[in-house]
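Shown next, in structure tokens, is the structure this report addresses.
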Amino acid sequence: MQAPNDLADAAFADTVFRVGRAYGMTADRVIYQSLAVKDGRITAVGRSRDELDSFTGPGTAVIDDPELVLYPAFNDTHNHQLLAARDLDYVSLEQARSVEELVHALREAADRTPPGQWVISSRCWHETHLREGRLPTARELDAASAGHPVFVQRGGHVGVANSVALEMAGITATSADPPSGTVVRLGDRTPAGVLIEAGALDPVRRLLPPVTQAQQADLLARQCRLYNRRGIGVVRDPGLVPGEVAVYRAVADRGELTTRTRLMFWVMPQATVADTLAYIDSLPEPGSVGGDGGGLGIWGLKLGMDGGVEGGFLDEPYANNPAFRGHAFWEPDDFGQVVEHAVGRGWRVGCHAVGDSAVRRVLDTYEQVTRRHPGLPPGTLVIEHAFLADAQTRARAVRLGVGITVQHPLLYSLGGNLVRYWGPDRASQVMPVRAWVDEGALIAAGSDCNVSFFDPLLSIWGLVTRGTRTVGVQGPEYRVDAYTAIGLYTAAGGRLLGEDRDVGILAPGAFADIVGFRADLLDSPVDDLPSQQPALTLVGGRPVHDPDGLLGAAERR
Ligand SMILES: [Zn+2]
């Protein structure tokens, strides 16, 4: 028989919130004023501030703050968290406004770096933010240092090497061009420095100093904390290789994986389709989860149908090159076999597609696979980005239950390049979020950090305004209201993950992944959204951002 004290303890919450408002973000748009949290989950909700007072007992922390407004923690459904972590100590070029400023940042780093060692930039910046509107040249990078190999990374598909780095990688006026990817050359075949896609980038990438697993684990833990500070509690990380799961496990085992993370494995076309299928079969089991209360899980596979803004597979030619439409990375038959095999083995699949031709090619296969697997849960098959999707394409995706992830930060950062490469009409049509929502799509938002910034508040501002960094408002008809934008960053993320009862909502039984602000984001003037500071972030009931010590200082009864 249990002692009365044990019985009482069992009923009491770990934390009780008595707050101004707590948005459930469920379909009924319910607003609470009290929440009880126990063992990492929300156990009870109340419509008034005192409704859950009976849950407070010995050891309960009570956060009694009528100014506090709670939301489910933000859920970034497309965030290269580990890649971004690896960039943490690289040279940031995000603030550079000209080639000169970019070179200056690199020179400062070179001055701190022993000669001969690499100077490497973070991937998160874009040349359209420079006055010159173009990538630097090898010559220009030589001005940062002639004694260091310098490698400027930009997003995942483009890089620039200085002359020392080109020489070390064997990329010279007389070297052969790679079978895939582009080495940009001057008239006399001298490499200009710009390298496009993996085939051209890999000779340089292979020379970069390896970052040990322990170093990566430390960086990943730091990256999680940066996200928590901006209210992110949940991340879907697209595109890992199997060995990288060990980094995640190490951080989770240390209790420092402070974002609830869902992983995707990157599947490239191998030499033959059979090789690709064998690779998939060599991966860890789909759906398996690290043993720490749902903090780490495997969501599925990530494939890529086309490139980015410069390499998207389009119906009509590029605005700046009438001879070019981009191309697909997969033949339809091969892609179909791979997706069919993956789904048959219980995998979910997310495929990158930005151009209208790419999106359609992915949907063609998804339609065939869905027909062969009639009971497939909605969201088993996802298109990442889906930049160009007209009404017909959207209707097909909705009918098939295909999930869509959108990332306004891409439009914000890459808008200038989209206008240049795709022309103003197509640029304005990129990510028709409002249409997807109105038509009932399974759509969720995210950032595509570290191709762009991760800040969910700036991203929510972007979903509401369609504003960009350099080319004004793009496609105002696709704006959504602030509640919808927050929903795309919370509950919709839970649906996309296939965890709609556990993630992205404040409701009994859900994980206690919560962000609190001292203002209601829904009452805030839209242009103030990016400057709002989370007062508190909890993941699994644990404070992961608590600058004012709210949980530490909370009254314990
Ligand atoms: Zn991405």
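The values are calculated or read from the model by the stated rules, or taken from the named source; none is laboratory data. Keep in mind it's a predicted model, so treat the numbers as computed, not measured. All Cβ positions, glycine included, derive from the backbone under ideal geometry; neighbour counts span all protein chains shown. Just the protein is used for accessible areas: all its heavy atoms, side chains included, with ligands, DNA and RNA removed. Shrake-Rupley method; radii C 1.70, N 1.55, O 1.52, S 1.80 Å.
Quick notes on this one:
- Residue list for region 395-417, filter: part of a helix (DSSP H, G or I), away from the ligand (no atom under 16 Å from the Cβ) and buried (at least 22 other Cβ atoms within 10 Å of the Cβ): Ala397, Gly415
- Selected residue [at pLDDT 95 or above, in contact with a His (Cβ under 8 Å, 6 or more places away or on another chain) and open to solvent by less than 10 Å² (accessible area, probe 1.4 Å)] from Ala492, Ala510, Ala445: Ala445
- Looking across region 358-392 at every residue that is open to solvent by less than 50 Å² (accessible area, probe 1.4 Å) and more than 24 Å from the chain's Cα centre (by Cα), the one that is farthest from the ligand (Cβ to nearest atom) is identified as His373.
- Against the test of being in a helix (DSSP H, G or I), open to solvent by 30 Å² or more (accessible area, probe 1.4 Å), aliphatic (A, V, I, L, M) and more than 16 Å from the ligand (Cβ to nearest atom), the options Leu226, Leu219 yield a single qualifying residue, Leu226.
- Meets criteria (over 27 Å from Ile404 (Cα atoms) and touching a residue at least 60 places away in the same chain (Cβ under 8 Å)) for Leu497: no
- Inspection of region 234-248 finds a residue satisfying the criterion of being open to solvent by less than 30 Å² (accessible area, probe 1.4 Å), under 16 Å from Tyr489 (Cβ atoms), modelled with pLDDT of 95 or more and within 15 Å of the ligand (Cβ to nearest atom).
- Matching residues in region 348-357 - criterion: being open to solvent by less than 10 Å² (accessible area, probe 1.4 Å) and more than 28 Å from Ser428 (Cβ to Cβ): Val349
- Yes/no for Gly440 being open to solvent by less than 30 Å² (accessible area, probe 1.4 Å), modelled with pLDDT of 95 or more and out of contact with any Lys or Arg (no Cβ under 6 Å at 6 or more places or on another chain): no
- Of Phe324, Phe335, Phe265, all but one fail to be more than 23 Å from the chain's Cα centre (by Cα) and buried (at least 21 other Cβ atoms within 10 Å of the Cβ); the exception is Phe335.
- Helices (runs of 4 or more DSSP H) wholly inside region 61-168 containing at least 1 residues that are within 16 Å of the ligand (Cβ to nearest atom), buried (at least 20 other Cβ atoms within 10 Å of the Cβ) and not hydroxyl-bearing (Ser, Thr, Tyr): 81-87
- When Gly199, Gly255 are checked against the criterion of being surrounded by fewer than 23 Cβ atoms within 10 Å (Cβ to Cβ), away from the ligand (no atom under 16 Å from the Cβ) and assigned to a helix (DSSP H, G or I), Gly199 stands alone in meeting it.
- Gly287 being closer than 25 Å to Asp76 by Cβ and not in a loop (DSSP other than H, G, I, E, B): no
- Of all residue pairs spaced 6 or more apart or on separate chains, those with beta-carbon atoms under 8 Å, a first member in region 384-407 that is free of Cβ contacts under 8 Å to residues at least 60 places away in the same chain and a second member that is within 16 Å of the ligand (Cβ to nearest atom) and part of a helix (DSSP H, G or I) are Ala386/Val359; Ala389/Val359; Thr393/Val359.
Conditions tested, residue by residue: (1) crowded, with 24+ Cβ neighbours inside 10 Å; (2) closer than 15 Å to Ala22 by Cβ; (3) touching a Ser or Thr at 6+ places or on another chain (Cβ under 9 Å).
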{"position": "Tyr483", "(1), (2), (3)": "no, yes, no"}
{"position": "Ile486", "(1), (2), (3)": "yes, yes, no"}
{"position": "Ala519", "(1), (2), (3)": "no, yes, no"}
{"position": "Pro525", "(1), (2), (3)": "no, no, no"}
{"position": "Gln532", "(1), (2), (3)": "no, no, yes"}
